[in-house]
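Report on one structure; see the data block that follows.
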Amino acid sequence: MPEPYPSSSSPSKAEDVLTPIPALDLSRQYAEIAPELIAAVEGVLKSQQYILGEPVAEFERLAAAHCGASFGIGCASGTDALWLAMAAAGIGEGDAVLTTPFTFFATVSSILRVGAKPVLADIDPVSFNLDATKAEEKLKEGNDQKFRAILPVHLYGQVTQWDRFEALRERYGVLLIEDAAQAFGAAWDGRPAGSLGNAAAFSFYPTKNLSACGDAGLVTTSDEVLAERSKMLRAHGMRRRYYHDEIGWNSRLDTMQAAILLVKLARVERWNEKRRKLAANYDRLFAAAGLAETGKVYPGQGVILPACDARATHIYHQYVIRVRQRDELRTFLSQKKIGSEVYYPVPLHQQECLKFLGYERGDLPESERASQEVLALPIFPELREDEQETVVRAIAAFLG
Ligand SMILES: *Cc1c(COP(=O)(O)O)cnc(C)c1O
């Protein structure tokens with residue numbers, strides 16, 4: 001295969017000392033914003049107010065506005081945001097919630113935590129998101145289940161085909177709750193993630209595109225009742241101090257994390273824009289190397305690039321390719337000190353602790369196949385183009 005890239009340094013030098021290219025390098029972000037972060041943390045320390053207070057209220061307000069939602073309710077994690085949204089909607093024992101098996105564990109565990117039953121439908125192999133047609137089949141089957149909600153996940157930063165799910169909401173009278181943990185700033189037809197469903201859950205886990213320095217999460221909604229109930233449930237079910245209307249939990253957004261998130265919220269759009277540029281650059285590099293397989297769903301000898309729906313504003317929380325010899329490629333890259341990740345190697349119906357849900361191998365074939373073929377390449381706003389060239393050159397060397 002011809003070498004499509006000009007090599008800036010001499011080949012021998014490049015081979016001698018491999019500079020690591022991590023899948024995610026948060027130290028570069030820190031280098032850029034350290035003074036502001038430290039000032040924000042110091043502000044909280046000086047105020048001596050560590051629980052809720054103005055930074056939390058301000059972050060909730062600004063983050064909700066950013067997502068086009070009327071209310072934001074900060075909480076301790078994305079997992080708790082999912083739980084809070086469902087608990088506030090009154091989903092519980094005897095209810096069923098429809099979701100995808102190709103997601104992080106918390107999507108399903110939060111359904112179980114509210115006492116409901118997760119029902120899994122397969123993904124669309126192009127977007128990796130919950131397939132609306134397959135979701136509808138499950139709703140139609142019914143099986144005497146009381147479907148209360150659908151919980152689509154905007155995987156890798158691309159909103160699920162939302163108009164299809166809105167049609168299902170109309171037709172089957174279910175709620176739509178977004179797992180938007182990977183999609184802060186993403187949109188569908190110009191409508192932001194977080195404003196699409198009856199409620200949405202965001203995570204600010206350190207690796208997410210908008211991240212805290214620890215655990216943090218947010219529920220967004222434009223439903224006043226849902227907002228009020230989420231707010232109450234995250235603080236022991238209290239409306240009035242020491243009078244407990246309901247048995248809630250302690251899941252507040254930490255004041256220190258809110259102060260940190262305010263610093264980053266002001267930058268997240270620029271960062272998302274950078275992610276989109278990097279994704280376009282990967283696309284271009286793979287095409288130039290003759291590796292991009294277009295018009296196909298599954299990989300042959302080359303690489304299937306991530307597909308972005310024309311109506312979606314993708315924020316590329318992850319840039320995920322499909323390849324045949326995924327595990328071998330991953331080993332090869334790590335020998336070259338290039339980081340990569342697999343989201344997710346085991347679809348949730350095949351997790352040991354979820355076997356009791358009763359799914360067999362082969363029940364959700366697209367998710368099972370995707371779990372063998374997906375590979376997330378380094379992507380973060382500070383990634384350099386020369387590093388992307390090195391990544392693509394390494395993949396070309398492996399596949400060539
Ligand atoms: C990260 C993530 C969560 C959980 O968020 P935490 O803040 O880690 O609890 C839930 N769903 C998805 C899709 C995620 O990526």
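No value in this document is a laboratory result; all are computed from the given coordinates. Remember, predicted model here, so these are calculated numbers, not experimental data. Using ideal geometry, Cβ is built from the backbone for each residue, glycine included, and neighbour counts are taken over all protein chains shown.
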- Query: With θ set to phi - 60° and the Karplus curve 6.51 cos²θ - 1.76 cosθ + 1.60, what are the ³J(HN,Hα) couplings of the range 191-199 in order, to the nearest whole Hz, using x for Gly and Pro?
  - Reply: 8, x, 4, x, 10, 8, x, 5, 7
- Message: Quick query: amide H of Ile338 versus all other amide H atoms, modeled in the peptide plane; which residues come in under 5 Å with a sequence gap of 5 or more or a different chain?
- Response: Ile21
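Can you compute the helix-only [θ] at 222 nm over the chain? Use -39500 (n - 2.57) per DSSP H run of at least 4 residues, normalise by all residues, nearest 500 deg cm²/dmol. Please report the intermediate quantities before stating the final value.
Numbers: 13 runs with 158 residues, N = 400.
Using -39500 (n - 2.57) per qualifying helix, the result is -12500 deg cm²/dmol.
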- Listed residues Phe356, Asn198, Gly237: farthest to the positive end of the dipole of the chain (Cβ charges): Gly237
- Give me Phe380, Phe204 ranked fewest to most by other Cβ atoms within 10 Å of their Cβ, as a rough exposure proxy. Phe380, Phe204
- Query: Over the chain, what is the percentage of antiparallel beta bridges among all DSSP beta bridges, to the nearest 5?
  - Reply: 60
- Pairs to check: Lys117/Lys140; Lys117/Lys355; Lys208/Lys336; Lys117/Lys146; Lys296/Lys336; Lys208/Lys264. Give those whose C-alpha atoms are more than 21 Å from each other in this structure. Lys208/Lys336; Lys296/Lys336
- Cα-centre dipole for the chain with unit charges at Cβ (Lys and Arg positive, Asp and Glu negative), debye to 20: 340
- Message: Mean-square fluctuation check for the chain, GNM, Cα pairs under 10 Å: which of Val225, Val174, Val114 is largest?
- Response: Val225
- Query: Zone of Cys353 (label point 7 Å along Cα→Cβ, backbone N under 13 Å): which residues in the range 110-135?
  - Reply: 110-113
- Message: Can you sort Trp83, Trp249 from fewest to most other Cβ atoms within 10 Å of each residue's own Cβ?
- Response: Trp249, Trp83
- Query: Sorting Met86, Met256, Met238 on the 10 Å Cβ count, fewest up front, what's the list?
  - Reply: Met238, Met256, Met86
- Query: Most fluctuating residue of Phe102, Phe356, Phe147 in a GNM of the chain with Cα springs under 10 Å: which is it?
  - Reply: Phe356
- Compactness relative to 2.2 N^0.38 Å, alpha carbon Rg of the chain: 1.01
- Put a dot 7 Å past each Cα toward the Cβ at Ala397 and Phe105; how far apart are the dots in nm? 3.5
- Message: How many angstrom lie between the Cα centre of the range 213-273 and the Cα centre of the range 101-127?
- Response: 23
- Task: List every residue whose amide H lies under 5 Å from the amide H of Cys75, counting only residues 5 or more places away in sequence or on a different chain, with H placed 1.01 Å from N in the peptide plane.
- Result: Gly217, Leu218, Val219, Leu253
- Task: Tabulate in residue order the Karplus-calculated ³J(HN,Hα) for the range 323-339, using 6.51 cos²θ - 1.76 cosθ + 1.60 with θ = phi - 60°, rounded to whole Hz; enter x for Gly and Pro.
- Result: 9, 5, 8, 4, 5, 5, 4, 5, 5, 4, 5, 5, 5, 8, 6, 9, x
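Over the chain, what is the relative contact order in percent, taking alpha-carbon pairs closer than 8 angstrom and at least six residues apart? Intermediate values should be presented prior to the final figure.
Values: 803 pairs, mean separation 84.0, N = 400.
Result for the chain is 21 percent.
With a Förster radius of 41 Å, plug the Cβ-Cβ distance of Glu141 and Ile247 into 1/(1 + (r/R0)^6) and report the FRET value to the nearest 0.05.
Working: r = 34 Å, r/R0 = 0.82.
With a Förster radius of 41 Å, E is 0.75.
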- Item | Gaussian network model of the chain, Cα within-10 Å springs - most flexible of Ala69, Ala34, Ala258 | Ala34
